[in-house]
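*Asks:* I have a structure here, written as structure tokens, and I will follow up with some questions on it.
The values are calculated or read from the model by the stated rules, or taken from the named source; none is laboratory data. The structure displayed is predicted, hence computed values, not measured ones. Positions of Cβ are generated from backbone atoms using ideal geometry, with glycine treated the same way; all protein chains shown enter the neighbour counts. Keep in mind that these areas ignore ligands, DNA and RNA; they rest on the heavy atoms of the full protein, side chains included. Shrake-Rupley method; radii C 1.70, N 1.55, O 1.52, S 1.80 Å.
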Amino acid sequence: MDDFIEYVAPVAVESPCVLVCTLDLESGWCFGCGRTREEIADWTRMSADERNSVMAVLPERCGALERRIAASIR
């Protein structure tokens with residue numbers, strides 16, 4: 001048996017994280033990226049399709065957070 005070790009280069013996983021990790025208590029979404037605590041924790045274990053599904057809803061979530069914040073400071 002050969003003592004062969006295959007080197008596998010690490011693969012970067014695209015993330016919507018913008019390093020503003022604060023969760024909105026009402027919605028449970030992160031103010032920075034729009035993900036839930038569970039989505040953040042599971043991100044690197046999700047399949048590409050699962051991550052794409054989450055990514056697809058983030059603009060709507062972030063927009064809802066922005067509208068709610070704007071309404072609260074009026």
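*Asks:* Considering every residue within the stretch 1-15, establish whether at least one is touching a residue at least 12 places away in the same chain (Cβ under 8 Å), closer than 21 Å to Glu60 by Cα and touching a Cys at 6+ places or on another chain (Cβ under 7 Å).
*Replies:* Checked against the condition, which is being touching a residue at least 12 places away in the same chain (Cβ under 8 Å), closer than 21 Å to Glu60 by Cα and touching a Cys at 6+ places or on another chain (Cβ under 7 Å), the stretch 1-15 yields no hits at all.
*Asks:* Could you tell me which of the residues Ser72, Ser53, Ser27 is modelled with pLDDT of 95 or more, of a type in the set (Gly, Ala, Ser) and over 12 Å from the mean Cα position of the chain (by Cα)?
*Replies:* Every option except Ser27 fails the conditions.
*Asks:* Shifting gears a bit: If I go through the stretch 35-58 residue by residue, how many of them are exposed (fewer than 13 other Cβ atoms within 10 Å of the Cβ), assigned to a helix (DSSP H, G or I) and free of Cβ contacts under 8 Å to residues at least 24 places away in the same chain?
*Replies:* Selection size over the stretch 35-58: 9.
*Asks:* Residues in the stretch 59-74 that are in contact (Cβ under 8 Å) with a residue 40 or more places away in the chain and open to solvent by less than 40 Å² (accessible area, probe 1.4 Å): how many?
*Replies:* Number of matching residues: 1.
*Asks:* Here's another thing I want to ask about it. Take the residues of the stretch 1-19 that are open to solvent by 70 Å² or more (accessible area, probe 1.4 Å) and of a type in the set (Val, Ile, Thr): which is nearest to Arg67 (Cα to Cα)?
*Replies:* Val18
*Asks:* Of all residues in the stretch 38-74, which are of a type in the set (Lys, Arg) and out of contact with any helix residue (DSSP H, G or I) (no Cβ under 9 Å at 6 or more places or on another chain)?
*Replies:* Arg45, Arg61, Arg67, Arg68, Arg74, listed by residue number.
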